[in-house]
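Before I ask anything, let me first share the structure, which is written out below as structure tokens.
The values are calculated or read from the model by the stated rules, or taken from the named source; none is laboratory data. The shown structure was predicted, so the numbers you read here are calculated from the model rather than taken from an experiment. So basically every Cβ, Gly included, is an ideal-geometry build from the backbone, and we count neighbours across all protein chains shown.
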Amino acid sequence: MKIWKDYFWHSQVKDSGIDMRILKATIIKDLKILLRDRLGLFLIFFMPILLVIVITSVQNSTFELVNNNKISLLVYNKDQGPLGAALTEGIRKIGLFRLQVSDTTQKNPDIPARMHDQDALVALIIPAGFTEYIQNKAEDIASRALKDPDSDSRNLSPSVPLPDSLQMYYHPVMQATFRQSVEGSLRSAVQVIQGQAIVKKLYEAVNQKEIPQDLEKQILFSQLPISEIPVSRSGSRTVPNASQHNVPAWTLFAMFFIVISLGGAVVKEKNSGSLIRLKTLPASYLHALYSKQFVYGMVTMLQAAVIFVIGNKLFPLIGLPVLHLPKDILGLFIVTIVSGYCAVNYAICVGVYARTAEQSNGFGAISVLILAAIGGLLVPSFAMPSHLQKMLQVSPLHWALEAYYGLFLEGGKLKDIWMNIISLLVITGLIQLVTLYGLKKKNLI
Amino acid sequence: MSIPAITIQKLAFHYPRSEGVCFENFNLEIQAGERFGLFGPNGAGKTTLIHLMTGLLKYREGSIRLLGHEISRHPKSINSLFGFVPQDFSYYPELSPRENLAFYGAWYGLDRKQIKTRTDELLEVLGLSDVGDRFLQSFSGGMKRRVNLAIGVMHRPKLLFLDEPTVGVDVQSRHNIIEYLKSQNKSGTTLVYTSHQMEEAAILCNKIALMDDGKIIAHDSPEALMQKHGYEDMEGLFLALTGKRFRD
């Protein structure tokens, strides 16, 4: 031991393990480098905020579509009878559409051109003879029904010639689910007109007089109402808004996008002379990685805090729905810290394996996008095909999102989401194992 | 009997897929207190040998002992015995020299007081006191080389490896660096030095080894080698022993 003492100017460095003084010095170094990178800080904080505001605004407009931003519908009524007009009025009453009734004098209107001119997403053409067809059809059904009440409706053959069908033009930007919703609304309006005509004819045939208006209304419009109740663990009946859906999801996306700056920082340190020097020093390179975990873990926590505060305080001021923070703040803190820890470890893993900053940035960005997609950030997980439903379990973003939704949407507490947290920690552990393998393989530890 | 600073015995090393230089049955001994120069053309194996001695590269056969300790048996703690000044700038350009020295000082295990004292001392002696708090990004090549050197000697090592520490610097900086290294050697630090600058061999080194293709082709003091081969300058001796063909 004497020779060691002769040559050591100091003897404080441990053979293995983590030295807190070294870790502290490394954290200070990493903090200084991070704080001096103004552009990097801008990207880390400002861009996610912008992303959350933009996405929430866009999604909010869909949420509010039925209330404020109605779908523009161009109606071209070729029917000369009262039922074409009644159908138009019925569609207006649905409340989903901003109606533009077109000039009916033109025989062959160029519908696509008119949709472009009048900025309409949907156009409906009510064919000529619509009233006549509906009334004849109703009379036919009524008379057949009265002649042979036991006859199977499937044996009824249409004795009334069909006019042209109702035609619905739609703008190709409309997604399938949205289009189906519009089509369903129009179909129900037609159904009401048809039902009304049949009821009238049946009543007239039986009672030899016109149906009283009160009875007609009771038959046609006395449906049992449907109440929408969001599932909530807290018993709250507040309907989740666009902010409750989007802010947690895109906050997670922003946290995982730390891969761009952190993965790049790991590669930069690896490729610069700094790593050669660090490898010849008497302390483990793990100090450098633990420091990065701490510093960038703090960054992800700050990102989340800033975005949640903006959602809660700023959103109402700029016309977006307020983000209601969960009642279980401890749960929110734990989910955020575990998600941030996972994001940081993922970024370090990418940085350890990437040879260049370009590789790290390219792979990091695309892989986070893929993890977000299969994790249910872009499309709800319940809407995914079955093979992707199995894959989403490998995405840390899925478990983090489920945990956030448990708190933000369902009003749950920590005890309700602990399985998600454990799954997230297991994935983080696996990422760390892969990182350790890379560090060993590259002779870094 | 004093322990040699470095003892290399029967060292065998080759890069994967046979890329680059390889060593077979390589032997070398450097005595404590020497200013030892490793010279040779590009690709001779100087940097590889330094990386093997500092543990940056792992060897499977033979042994390398630093101050009597086999480095493969002491993977990390043995690194306190030596300092290393790599050829590339190995510091954080976003930090000042003072901040870099504080960081690396902590990694060498120095306490806050030792770091402060040693930082002031090194900045003064290497002519960096006035710029100690400026970011390294704005420094000249000579200043960067001096900071690179300062980090390597931060913990007062008894053994200092220098891989071309004067490359790309002006005459003044080179003179200062060489004088500083001589002063370190006088206070007991063994120097192991590589360079392409043959005139530095005569100025700085009291023992040199000429390397080519992973082998030592001459090993003695500069004066003795020149006398033995009948040359009056190191460059002539170098060309005579290693040839005049390009080495890239």
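Hey, can you tell me all the residues within region B:100-130 that are in contact with a Pro (Cβ under 8 Å, 6 or more places away or on another chain) and either part of a loop (DSSP other than H, G, I, E, B) or surrounded by fewer than 19 Cβ atoms within 10 Å (Cβ to Cβ) (or both)?
B:TYR108, B:GLY109, B:LEU128
Still on this structure, I have one more. Got a number for residues in region A:399-417 being in a helix (DSSP H, G or I) and within 23 Å of A:ILE374 (Cβ to Cβ)?
Final tally of qualifying residues: 11.
Out of the residues in region A:18-42 meeting the condition of being in contact (Cβ under 8 Å) with a residue 60 or more places away in the chain and more than 10 Å from every other protein chain (Cβ to nearest Cβ), tell me which one is farthest from the chain's Cα centre (by Cα).
A:ILE18
Test A:LEU377 against the stated conditions and say whether it is surrounded by 17 or more Cβ atoms within 10 Å (Cβ to Cβ), touching a residue at least 60 places away in the same chain (Cβ under 8 Å), closer than 13 Å to A:PHE253 by Cβ and within 16 Å of the chain's Cα centre (by Cα).
It is true that A:LEU377 is surrounded by 17 or more Cβ atoms within 10 Å (Cβ to Cβ), touching a residue at least 60 places away in the same chain (Cβ under 8 Å), closer than 13 Å to A:PHE253 by Cβ and within 16 Å of the chain's Cα centre (by Cα).
Please pick out the residue among A:LEU275, A:LEU317 that is assigned to a helix (DSSP H, G or I), within 14 Å of another protein chain (Cβ to nearest Cβ), surrounded by fewer than 23 Cβ atoms within 10 Å (Cβ to Cβ) and out of contact with any Lys or Arg (no Cβ under 7 Å at 6 or more places or on another chain).
Matching residue, one of A:LEU275, A:LEU317: A:LEU275.
Can you find a residue in region A:298-307 that is β-branched (Val, Ile, Thr), farther than 30 Å from A:ASN420 by Cβ, out of contact with any Lys or Arg (no Cβ under 6 Å at 6 or more places or on another chain) and touching a residue at least 40 places away in the same chain (Cβ under 8 Å)?
no
Among the strands (runs of 3 or more DSSP E) contained in region B:7-98, which hold 2 or more residues that are within 13 Å of chain A (Cβ to nearest Cβ), over 15 Å from A:LYS279 (Cβ atoms) and in contact (Cβ under 8 Å) with a residue 24 or more places away in the chain?
Fully inside region B:7-98 and qualifying: B:61-66.
Let me ask another. What are the residues in region B:99-108 that are within 7 Å of chain A (Cβ to nearest Cβ) and either free of Cβ contacts under 8 Å to residues at least 24 places away in the same chain or farther than 15 Å from A:ALA288 by Cα (or both), if any?
Within region B:99-108, B:GLU99, B:ALA102, B:PHE103, B:ALA106, B:TRP107 qualify.
In region A:276-290, which residues are of a type in the set (S, T, N, Q) and over 10 Å from A:ILE445 (Cα atoms)?
Correct list: A:THR280 only.
Listed here are the residues, each with its yes/no results for (1) within 18 Å of the chain's Cα centre (by Cα); (2) aliphatic (A, V, I, L, M); (3) not assigned by TED's automatic domain parsing to the domain that holds A:PHE253.
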| residue | (1), (2), (3) |
| --- | --- |
| A:LEU392 | yes, yes, no |
| A:TYR404 | yes, no, no |
| A:LEU407 | yes, yes, no |
| A:ASP416 | no, no, no |
| A:MET419 | no, yes, no |
| A:LEU436 | no, yes, no |
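Another question, if that's okay. Considering only residues of region B:189-247 that are closer than 23 Å to B:PHE26 by Cα and in a loop (DSSP other than H, G, I, E, B), which is modelled with the lowest pLDDT?
Out of the qualifying residues, it is B:ARG247.
Any residue that is surrounded by fewer than 19 Cβ atoms within 10 Å (Cβ to Cβ), under 15 Å from the mean Cα position of the chain (by Cα) and among the aromatic types (Phe, Trp, Tyr) - is there at least one of those in region A:349-371?
The answer is no, given that none of the residues of region A:349-371 is surrounded by fewer than 19 Cβ atoms within 10 Å (Cβ to Cβ), under 15 Å from the mean Cα position of the chain (by Cα) and among the aromatic types (Phe, Trp, Tyr).
Turning to a different aspect of this structure: How do the pairs read when you match residues in region B:139-164 that are more than 19 Å from A:PRO282 (Cα to Cα) with residues anywhere that are of a type in the set (D, E, K, R), using Cβ under 7 Å and keeping only pairs 6 or more apart or on different chains?
Cβ pairs passing all conditions: B:GLY142/B:ASP170.
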